[in-house]
Amino acid sequence: MNCRDCHRFDPEKETCKDGKLNPLTYEQASETLMIYGIRAICIFNDYRESLIERRTVAMKEFKRQSE
């Protein structure tokens, strides 16, 4: 989703009212996840759900290996 189309976008300040980030590519979203965490990424971001899924799968695999 383009930020300017979002109801949470402040056109005067040209930023998100919630202070969220909206990376344009999967690589940028992945880097944002590693640096700021999943909560920093906008819930309307195209890559957010796949990053959550990838992280969940990785955690399950880690737990299996440590048992």
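A short reminder: the numbers here are calculations on the coordinates, not readings from a lab. Note that the structure is a prediction, hence the values are computed from the model and not measured.
Hey, could you grab the Kirkwood Rh for the chain? Inverse mean 1/r over distinct alpha carbon pairs, Å, one decimal. All intermediate terms of the calculation are to be shown ahead of the outcome.
On the way: mean 1/r = 0.0766 Å⁻¹.
Result for the chain stands at 13.1 Å.
For the range 12-17, just list the computed ³J(HN,Hα) in residue order, Karplus coefficients 6.51, -1.76 and 1.60, θ = phi - 60°, integers in Hz, with x standing in for Gly and Pro.
Here the 3J(HN,Hα) series is 5, 8, 6, 9, 6, 5 Hz.
Could you work out the relative contact order of the range 3-66, using alpha carbon pairs under 8 angstrom and six or more residues apart, expressed as a whole percent?
Taking the mean separation of contacting Cα pairs over the length of the range 3-66, I get 22 percent.
Working from Cα positions, state the angle (0 to 90°, nearest 10) between the long axis of helix 48-66 and the longest principal axis of the chain.
Around 20 degrees separate the two axes.
For the range 22-27, just list the computed ³J(HN,Hα) in residue order, Karplus coefficients 6.51, -1.76 and 1.60, θ = phi - 60°, integers in Hz, with x standing in for Gly and Pro.
10, x, 7, 10, 5, 5
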